[in-house]
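Since the structure comes first, as structure tokens, the remarks are kept for the end.
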Amino acid sequence: MESIAQRLMRSRVLPEIYERLWRPALIGLAKGPLGPTTAQEMALLRSMLAAGPGMRILDVACGPGNTTRALASGVRPGGLVVGLDASPTMLARAARDTPPGDRVAFVLADVLDLPFPPRTFDAVSCFAALYLFDRPFDALDAMALALKPGGRLAVLTTRRVPGLGRLNDVFGALGGIRMFGDREVTEALAKRGFTGIRQRRTSLMQFVSAVR
């Protein structure tokens, strides 16, 4: 059964307010007052992926495409960023807001059923979405399979706050999201053969990068 958050992502209303109101309010609050701004977050993402000219990048759960377009600015000339999402309404907004010739393509698909051959991409991002997946670790398996050897993965997801105990689960249940422990994502990546794992924690969120 879909959570409230998952249903909202497929609605017609949320794509219209996601980047202007929803994301700044919720993700901004979760990052805390010392967390990066949206512009700093996008610069951090490009750095985590070592985005450069000619690269092929997959942006998983791209929503209305803002992260996808931010990545595209780092792969010119010759590169391509593919934004993937399971929500038709989100992708419709993404396509509408993306200028022609922006080195971006959008694909309607589920991360657990990627329509690409293995080892297609130089990098994969999944920002502000892993906590919405019913099977987040299966999603990490799919992302790993999509990466070329030496490819980079970048994830922005939730984190459990030490000392809050079960209140973390209450917070997650109210929001229809999963709260990840500080070592849960990094250890999952290590078990999948990733190296160079780095983590930055800020309030209720964590940035994690790794090399395949």
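The values are calculated or read from the model by the stated rules, or taken from the named source; none is laboratory data. All figures in this text were calculated on a predicted structure; none of them were measured in a lab. Because the Cβ atoms are built from the backbone with ideal geometry, glycine has one as well, and the counts that use them run over all protein chains shown. Ligands, DNA and RNA are excluded from the accessible area calculation, which covers all protein heavy atoms including side chains. Shrake-Rupley method; radii C 1.70, N 1.55, O 1.52, S 1.80 Å.
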Hey, could you check the stretch 137-159 for residues that are open to solvent by less than 10 Å² (accessible area, probe 1.4 Å) and not aliphatic (A, V, I, L, M) and say which is nearest to the chain's Cα centre (by Cα)?
Thr157
Strands (runs of 3 or more DSSP E) wholly inside the stretch 61-128 containing at least 1 residues that are among the aromatic types (Phe, Trp, Tyr)
104-108, 121-127
Checked the stretch 68-80 for anything hydroxyl-bearing (Ser, Thr, Tyr) and modelled with pLDDT of 95 or more; matches are Thr68
Among (1) part of a loop (DSSP other than H, G, I, E, B); (2) among the acidic types (Asp, Glu); (3) closer than 29 Å to Glu187 by Cα, which single condition is Asp138 missing?
(1)
In the stretch 74-104, what residues are open to solvent by 40 Å² or more (accessible area, probe 1.4 Å), touching a residue at least 12 places away in the same chain (Cβ under 8 Å) and on the phi < 0 side of the Ramachandran plot?
Arg76, Pro77, Leu80, Pro88, Ala92, Arg93, Ala95, Asp97
